Amino acid sequence: MNILKKIASTLRDVVTIAKFVSAVVAVIPSVILLIGAELKLVKATSLYLLIAICIGVLLSIGVGWWIRRVLLRQISLSDHGLFELISKDISYEIDGPERRDYRLTYKDKIKALLDFAMVYPIRYQWTGQGKEDIPKLLNKKQRLLSVFDKQTGEPQPYVVERDGNYGQWYYYFVAFDPPLRRDKTAQVIYTQEFHDSEGKEEKRLTFLVEVPVKRLRLRVKFPQGYTPRLEYKRSEVGSRKEAVKLKGTFDFTSRWAEIRVEKPLRKHIYGIYWEE
């Protein structure tokens, strides 16, 4: 992701500057003391102490370089940085007397690409106006990355707002405890609740495929007594071609509309659309 790449770029610059400054700090005094020792202007003990300090500085440089290399490699492995997205399941439940209450549930199955994978980014976009709850994780070994609020001093989930495709996106970051090892799989399941007080929510559930995913499932649950006209479609981002109709299902008993896609195409939008 671009956010992680910016973090890596900043770390790279910091490490580069630190390496240069540390080298200057380590080499120049060493030369001075070596000359001083040769001329017997300083004691040998001071020389040995400085050599030990220089070795420590050089080791610090090496560790910093190694950390930078690992971070850059992690971020470059995939668009998510540390993970392969195996499957994504998105459910959207509509409720309330005026159909203005919504529950969004995400289920991401992922695989770690490196050891000690600790943070997984999640995001959402909602077109309504009103109450938006923060994501609630169902796994107690997972938690949202938090920072301390400057005003209250209380920890608050760290969120990044960014303009993107079709409006504003909100990013949260899931922390694993303990971190995942290489090739270890995990499920990230979280829910969010919304109330559209202004009635602005668009009648659709869509997903833009930006990273490779093996399986995609979209589901929408409608309340009893409300059976809208449904369409299941796929469209390519930036293309003027007409959207491709997909095969979907609707269960009149459970009230769930659903589409399943194996190996969905990147840069395509898959969605369930409905009308009164």
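Between amide H atoms placed 1.01 Å from N, distances below 5 Å from LEU113 occur with PHE83, GLU84, ASP183, all of them 5 or more places distant or on a separate chain. Arranged from fewest to most other beta-carbon atoms within 10 Å of their beta carbon, ASP163, ASP95 become ASP163, ASP95.
Placing +1 on each Lys and Arg Cβ and -1 on each Asp and Glu Cβ, with no other charges, gives the range 234-276 a dipole about its Cα centre of roughly 340 debye. Ordering GLU202, GLU84, GLU262 by the number of other Cβ atoms within 10 Å of each residue's own Cβ, fewest first, gives GLU262, GLU202, GLU84.
Shape class for the range 83-275, computed from the alpha carbon gyration tensor (a ≥ b ≥ c): oblate, with a/c not under 1.5 and a/b at or below b/c. Apply the a/c threshold of 1.5 to the C-alpha gyration tensor of the range 102-171 and tell me whether it is rounded, prolate or oblate. Oblate is the answer for the range 102-171, as a/c is 1.5 or above yet b/c matches or exceeds a/b.
The ranking of TRP169, TRP126 from fewest to most other beta carbons within 10 Å of each one's beta carbon is TRP169, TRP126.
Only the coordinates and a few stated rules stand behind these numbers; no lab work does. Quick caveat: nothing in here was measured; it's all calculated off a predicted structure. FYI the Cβ positions are ideal-geometry reconstructions off the backbone, even for glycines, and counts take in every protein chain you see.
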